[in-house]
1. List the chymotrypsin sites (Phe, Trp or Tyr not before Pro) in region 1-70 that DSSP assigns to loop (not H, G, I, E or B) and whose Cβ has at most 10 other Cβ atoms within 10 Å. Which are they?
2. Of Met196, Met91, which has the most accessible area and how do the rest follow, probe 1.4 Å?
3. Taking the full set of protein chains and a 1.4 angstrom probe, give the accessible area of Lys238 in square angstrom, rounded to the nearest 10.
4. Hey, what number do you get for the chain at 222 nm if only DSSP H runs of n ≥ 4 count, each worth -39500 (n - 2.57), divided across all residues, to the nearest 500?
5. Which trypsin sites (Lys or Arg not before Pro) from region 71-119 combine a DSSP loop assignment with at most 16 other Cβ atoms within 10 Å?
6. Taking the 0 to 90 degree range and rounding to the nearest ten, how far is the long axis of helix 171-211 tilted relative to the main principal axis of the chain, both from C-alpha atoms?
7. If the viscosity is 0.692 mPa s and the temperature 37 °C, what translational diffusion coefficient in µm²/s does Stokes-Einstein give for the chain when Rh comes from Kirkwood over Cα pairs?
8. By how many nm would the segment from Lys173 to Lys87 grow when fully extended, if each residue of separation counts as 0.36 nm and the alpha-carbon distance is taken off?
Amino acid sequence: MNEFTVILGAWVSAGLTLCIFSFLYEDNPLFKMAEHLYIGVTIGYSLTSLIFNSMGPNIYTPIMAGNFMPLLPTLLGLGFLTRFFPKFAWMSRISFAFVMGYSSGLSIPTTITSQFLKQLEGTVYPLVTRKTGLLDFSRAAVGHDISVFILVAALLTVLIYFFFSVEHRGPIKAASKVGIYFIMIYLGAAFGTTVMGRFSLLYGRIFDLYTYRQAQYHYATPVLLAAVIFFLVVYNLKYKKKAAEAD
């Protein structure tokens, strides 16, 4: 990769990142351009990758070698395209039915195993486990027992919270309140994980902007930042002028 390609990539990356960040000010043509370009490039890359990396080795190469087994999935795939022709649209139902049935057959057992049976398995561990004997009070053994007790307490109290056949008062009310705290902890942890994942993407973009400010990239970040600010100022003044004239 030569120097020109590296510099060009830095300018394009910094420019599109700043265009996306310009939405923090307001919706503007720069943001729309970057958004549409991102979606278009993503779809174009996905289709190109599908054609050259999947269809070629999996369809064209075996057929040229005398293996005609890929013809059946190829015909089923082409059946989806008949949706664009009303006269032959009924043929797409065969492809849809096959794909839905095949996908369900693959995903349902996996989903039940991973999201139901594995969750159930985590609630049936012994409360006290000792590999070397019941008098083993090592840190690992005690920590395992505490985590199991917390898991059982969380399971029971959350189930009690969702048990509406009995009035929640007395011990049941106290247990349901504890279940609410466990639910809040879970939702907070899930939300925090999602937010941290988004922030990791933000850190990556900011780090690139910080890197591309250097002289070896011809000061891409400050130059493009100034250009974006200038555009937003001109666009805002022009927009306000048009709004004033319309009023």
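The values are calculated or read from the model by the stated rules, or taken from the named source; none is laboratory data. All values derive from a computational prediction rather than experimental measurement. Here the Cβ is made from the backbone with ideal geometry for all residues, glycine too, and neighbour counts use every protein chain on show. Accessible surface areas use protein heavy atoms only, side chains included; no ligands, DNA or RNA. Shrake-Rupley method; radii C 1.70, N 1.55, O 1.52, S 1.80 Å.
1. On the way: sites: Phe4, Trp11, Phe21, Phe23, Tyr25, Phe31, Tyr38, Tyr45, Phe52, Tyr60, Phe68; in loops: Tyr25, Phe68.
Sites meeting the loop and neighbour criteria: Phe68.
2. Numbers: Met196 115, Met91 75 Å².
Descending accessible area places them as Met196, Met91.
3. 120
4. Working: 9 runs with 170 residues, N = 247.
Using -39500 (n - 2.57) per qualifying helix, the result is -23500 deg cm²/dmol.
5. On the way: sites: Arg83, Lys87, Arg93, Lys118; in loops: none.
The qualifying sites: there are none.
6. 30
7. Values: Rh = 26.0 Å.
The Stokes-Einstein estimate is 126 µm²/s.
8. 24.6 nm
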